[in-house]
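*Asks:* Okay, handing you the structure first.
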Amino acid sequence: MFKTEIFAISSQGLPIINYTFGNKGPVVLILGGVHGDEPEGNYIALGLLKKWIQNFPYKLQVCLIPCFNIEGSLTAQRTNRNGVDLNRNLPTKNWTSKFEKKRYNPGLKACSEPENKKLIEWIKNKPVKLIISLHSWNPMINTNGNCQPESSIISKETGYKLTDDIGYPTPGSLGDYYGLERNIPVITYEAERGSSIQSALNKHVPAIEKALFETEKRN
C-alpha cells in the first residue's frame, strides 16, 4: 500500500507529488528532479516508484518525490521558473546571494522559493533518517553526514567513486543544510549525465533498493 499526496505547490502553481510507502520504521526522503536539466534523476525515481507500487519490501517509511522541481523538469532547465537554483536556495550558514552563472542563481534571499519552504516545513515534522537526492553529472556518490553503510553499497553496486567532497563550494545546498548542519545524512547521487532511461534504471534502481535494507537498521 502507498499514499499519494500533493507535497507542495511550485512557484507557478503546479503540484509537486509525494508517494509515501510503508508506515513504520525509519523515514527516508528521496528527491528526483531537483535540477530540471538532469532527467536521469527523474528516471531513477520513477523506476523506484514502479517497483514499489508492485512490491515494497522494507520496514521503512519512504517518501518519494520523483519531480521536486516540476517547473524546471517540464522546461528542461536547471532552475525553477523564477530562475532560482533550488539546490542553492536553502538557508545554510554559508548562503550567499552572489553567483557567477545564472544557472546557479540562489535567489534574492535564502529559502525564497515555495518548494524549499515546504521542504523545510515537512522535514521539521518528520523524523527523517536519510535523504537521497538524485542528480546527474560526473558519476559519483557524494555524502554529507553519516550515511556510510548505504553509500558504500551504492558505490560498490555502481562502480561510482564515493566522496564527501563534490569538488566545489555548494552554499545553500541540501547536503550542506541537512547533512552538515542538521545531522540528517544526505546522499547526493550523481548519475552519469546522458544515460539512457533503460541504462539508468538497470544500474541505479537495484543499487538504491539494496542500500535501503541497511537503512532499516537506523534508530
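The values are calculated or read from the model by the stated rules, or taken from the named source; none is laboratory data. Quantities reported herein were computed from a predicted structural model and do not represent experimental measurements. Cβ coordinates were reconstructed from backbone atoms using ideal geometry, including for glycine residues, and neighbour counts include every protein chain displayed. Only protein heavy atoms, including side chains, enter the accessible area calculation; ligands, DNA and RNA are left aside. Shrake-Rupley method; radii C 1.70, N 1.55, O 1.52, S 1.80 Å.
*Asks:* Leaving out same-chain residues fewer than 8 places away, which aspartates and glutamates sit with a Cα under 17 Å from that of LYS59?
*Replies:* Result set, ordered by chain and number: GLU150, GLU209, GLU214, GLU216.
*Asks:* Over 25 Å between C-alpha atoms is what I'm after, so list which of LYS102/LYS156; LYS102/LYS124; LYS3/LYS129; LYS24/LYS50; LYS117/LYS156; LYS24/LYS203 land there.
*Replies:* LYS102/LYS156; LYS102/LYS124; LYS117/LYS156; LYS24/LYS203
*Asks:* To continue, here is another question. If you place +1 on the Cβ of every Lys and Arg, -1 on the Cβ of every Asp and Glu, and leave all else neutral, what size is the dipole of the range 1-68 about its Cα centre, to the nearest 20 Debye?
*Replies:* 420
*Asks:* Any idea which of PHE21, LEU180, PRO106 is furthest toward the positive side of the dipole for the chain, if Lys and Arg beta-carbons carry +1 and Asp and Glu beta-carbons -1?
*Replies:* PHE21
*Asks:* Sticking with this structure for a sec: List the relative contact order of the chain as a percent without decimals, with contacts defined as Cα pairs under 8 Å and 6+ residues apart.
*Replies:* Once divided by the residue count of the chain, the mean separation gives 23 percent.
*Asks:* Something else now. Within the chain, which whole H helices from DSSP have a Cα span along their axis of at least 24 Å and a mean Kyte-Doolittle hydropathy of -1.0 or more, if any?
*Replies:* 197-215
*Asks:* Further question: So how compact is the chain: Cα radius of gyration and Dmax in angstrom?
*Replies:* In Å, with Rg to one decimal and Dmax whole: 15.8, 46.
*Asks:* Among TYR189, ILE9, TYR43, pick out the residue whose Cα is farthest towards the positive end of the charge dipole of the chain, where Lys and Arg carry +1 and Asp and Glu carry -1 on C-beta, about the Cα centre.
*Replies:* Result: ILE9.
*Asks:* Are there any chymotrypsin sites (Phe, Trp or Tyr not before Pro) in the range 38-70 that are in a DSSP loop and have at most 10 other Cβ atoms within 10 Å? List them by number.
*Replies:* For chymotrypsin sites (Phe, Trp or Tyr not before Pro) across the range 38-70 that sit outside H, G, I, E and B with at most 10 neighbouring Cβ atoms in 10 Å, the list is empty.
*Asks:* List the lysines whose Cα sits under 19 Å from the Cα of LYS98, skipping any in the same chain fewer than 8 residues away.
*Replies:* Counting by Cα, and skipping residues close in sequence, LYS98 has these lysines nearby: LYS109.
*Asks:* Here is a further query. Mind listing which GluC sites (Glu not before Pro) in the range 37-140 are in a DSSP loop and have 13 or fewer other Cβ atoms within 10 Å?
*Replies:* Of the GluC sites (Glu not before Pro), the ones in loops of the range 37-140 whose Cβ has at most 13 other Cβ atoms within 10 Å are GLU100.
*Asks:* Can you give me the relative contact order of the range 108-219 as a percent, contacts being Cα pairs under 8 Å and 6 or more apart?
*Replies:* Contact order relative to length: 36 percent.
*Asks:* Run through the range 98-181 and list the chymotrypsin sites (Phe, Trp or Tyr not before Pro) located in a DSSP loop whose Cβ has at most 12 other Cβ atoms within 10 Å.
*Replies:* none
*Asks:* Provide LYS51, LYS217 ordered by accessible surface of protein heavy atoms (probe 1.4 Å), highest first.
*Replies:* Heavy-atom accessible area, descending, gives LYS217, LYS51.
*Asks:* For the range 92-214, count all C-alpha to C-alpha pairs, find those more than 16 Å apart, and express that count as a whole percent of the total.
*Replies:* 64
*Asks:* What is the diffusion coefficient of the range 34-149 in µm²/s, taking the Kirkwood radius over Cα pairs and the Stokes-Einstein relation at 20 °C with a viscosity of 1.002 mPa s?
*Replies:* 137
*Asks:* Calculate the length of the line joining the C-alpha centroid of the range 6-81 to that of the range 121-171, in whole Å.
*Replies:* Spelled out, the Cα-based centre of one part sits 16 Å from the other.
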